[in-house]
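The values are calculated or read from the model by the stated rules, or taken from the named source; none is laboratory data. Remember, predicted model here, so these are calculated numbers, not experimental data. Heads up, the Cβs are rebuilt from the backbone with ideal geometry, glycines too, and the neighbour counts pull from every protein chain shown. Each accessible area value is taken on the protein alone, full model and side chains, heavy atoms only, with ligands, DNA and RNA left out. Shrake-Rupley method; radii C 1.70, N 1.55, O 1.52, S 1.80 Å.
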Amino acid sequence: MELADAVDAEGVVCAVGAGGKKSLLYALAGRVDRAVVTATVRIPIFDEHVSQVVVTDDPAAAVHESTEWPLGVVPEREREDRYRGYEPERIASIADANANAVLVKADGARTRRLKAPGEHEPQIPDCADVVVPIASVRAVGEPLSEAVAHRPERVAAITDLSVGDEIRPEDVARVLAHPEGGMKDVPEGATVIPLVNMADDAALVQTATEIAEGVHDRVDVPRVVVTSLKADDPVKTVV
């Protein structure tokens with residue numbers, strides 16, 4: 001299955017979680033016609049992944065006027081290494097503009113492989129059509145710590161782990177499927193398609209498949225996608 005089909009990349013697609021949000025958005029941007037990349041949280045400079053980035057208070061106008069795709073829109077360059085994101089309610093105007101997919105980074109994880117969101121996370125717009133909670137299979141076998149997990153104490157709170165314990169496939173599945181984890185603040189009517197990333201070899205694909213089956217045991221989702229997002233053919237299996 002192609003990546004865009006696997007995650008139903010049409011309309012407003014929001015990536016949350018840890019271990020591949022930006023990689024997913026950039027991979028989709030190159031595979032979907034008339035794609036827009038944006039964010040509701042801070043996002044590292046991503047100019048190399050799109051045809052152009054427009055810094056604007058009127059993102060809908062920028063999308064309407066664009067002749068270069070994929071397009072990035074952001075409200076402000078906050079620092080040398082990152083942009084700010086729009087307020088979630090601004091995404092609806094982009095969705096109504098001239099694009100086939102609006103690809104939204106709606107969460108932050110500080111490059112960790114697993115996370116459970118904080119009190120004010122994620123920042124998913126009400127207009128989201130698809131939410132993709134992400135975790136890295138490479139968290140499995142690692143100790144639950146700040147080196148691997150963003151907000152490890154929250155991960156511990158929704159699993160039966162203590163900080164320092166070894167992360168198991170079932171723990172990653174529980175985080176992805178939990179209402180205070182990957183399912184947090186999903187708008188009514190949005191489709192949830194969890195994704196397990198960094199399955200870069202056969203053994204990791206097998207572990208990621210175990211995670212995917214664990215997600216299905218806990219929550220009703222149409223599929224779980226197993227990927228190696230930096231590969232030319234990123235979809236390894238769909239469960």
Is one or more of the residues making up the range 226-234 crowded, with 19+ Cβ neighbours inside 10 Å and within 21 Å of residue 128 (Cα to Cα)?
no
Taking only the range 162-203 into account, find how many residues are of a type in the set (Lys, Arg) and either in a helix (DSSP H, G or I) or open to solvent by less than 40 Å² (accessible area, probe 1.4 Å) (or both).
2
For the range 146-161 the number of residues that are surrounded by fewer than 14 Cβ atoms within 10 Å (Cβ to Cβ) and outside any helix (DSSP H, G or I) is 3
Among residues of the range 118-156, those that are in contact (Cβ under 8 Å) with a residue 40 or more places away in the chain, hydrophobic (A, V, I, L, M, F, W, C) and within 16 Å of residue 18 (Cβ to Cβ), counted
10
So for the range 112-123 (the condition being basic (Lys, Arg), over 26 Å from residue 237 (Cα atoms) and either out of contact with any Lys or Arg (no Cβ under 7 Å at 6 or more places or on another chain) or open to solvent by 10 Å² or more (accessible area, probe 1.4 Å) (or both)), does at least one residue qualify?
no
Of the conditions (1) over 22 Å from residue 226 (Cβ atoms); (2) of a type outside the set (Gly, Ala, Ser); (3) assigned to a loop (DSSP other than H, G, I, E, B); (4) open to solvent by 50 Å² or more (accessible area, probe 1.4 Å), residue 127 satisfies every one except a single condition; which number is it?
(4)
